[in-house]
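Structure record follows, encoded as C-alpha cells.
Here, each number is a calculation from the coordinates, and none is a lab measurement. Everything quoted here is computed from the prediction, not taken from an experiment. FYI the Cβ positions are ideal-geometry reconstructions off the backbone, even for glycines, and counts take in every protein chain you see.
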Amino acid sequence: METRSITAAVPMGPRLSEDPTKLVPELTEVSAALFKAVGNGSVPRTTIGLVHLRAGQIVRNTCLTVLHTGFLRKAGAPEEQITSVASWQDSPYFDAAERAALALVEAVLQPSAHGERVPDELYDLVAAEYDDKALATLMNAIGQVGFFMAIALVAKPVPGRSFSAPWK
C-alpha cells in the first residue's frame, strides 16, 4: 500500500464519484430511521454530538470530525468542550454522564489489550449515568456513527460539506 507524503496535498473531491444514496436509495430510509432513533430526547443532543465527534477522531476521519464539530457548534456546545474532546480524560469541560458516554464510544471502537472491550465495570459506570432507554440510545448513537463511518472512510466525501454535497 502506498503511503502519501505528509506534505502532499489532499484531494478535494470524493473518492466515490456518485452519491451512495443514488446508488442504493434504501440508505436514505435507514439514515432517517437512525436519526429518529438517536434523536428521541433521552440523551442530550450535545452528548450524542460528543460521541460522534470522538468516533470520528478515533478512526482519524476528517470528514466526520469536521461534520460533528459543526453539529456541536450549532447545538450550542462550548468551544472549550468541542476542542478538548480528544483529551476528554483530563479536560474539566465534561460532566460525569458525558465522560461515561465518551468512555463507552472509545471502548466500543478501540481494541482492548485487556480482553473485553466493554467490561462490566464500564457498563456499570455508564448505567449509573443513564437509564435503560438512554443507554440503548447511546448504543444506537455509536451504531449510527458506525453506519456513516463506512461511507466516510470508503467514499471519502469532502470535509466541510454536507454528506450529499460532494456528489451534486
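A few comments on the model shown:
- Local net charge near residue 39, Cβ-Cβ under 14 Å (Lys/Arg +1, Asp/Glu -1): +4
- Answer label, with Rg and Dmax of the Cα atoms in Å calculated from the coordinates and candidates (1) 16.1, 51; (2) 16.9, 55; (3) 16.6, 48: (3)
- Radius, Kirkwood style, for the stretch 84-168 when every pair of distinct Cα atoms is counted (Å): 14.8
- Simple point charges give the picture: +1 on the Cβ of Lys and Arg, -1 on the Cβ of Asp and Glu, and for the chain a dipole about the Cα centre of about 920 debye.
- CD proxy at 222 nm, helix term only [per DSSP H run n ≥ 4: -39500 (n - 2.57); per residue of the chain; nearest 500]: -18000 deg cm²/dmol
- Note on residue 29/residue 154: beta-carbon distance plugged into 1/(1 + (r/R0)^6) with R0 of 30 Å gives a FRET efficiency of 0.90.
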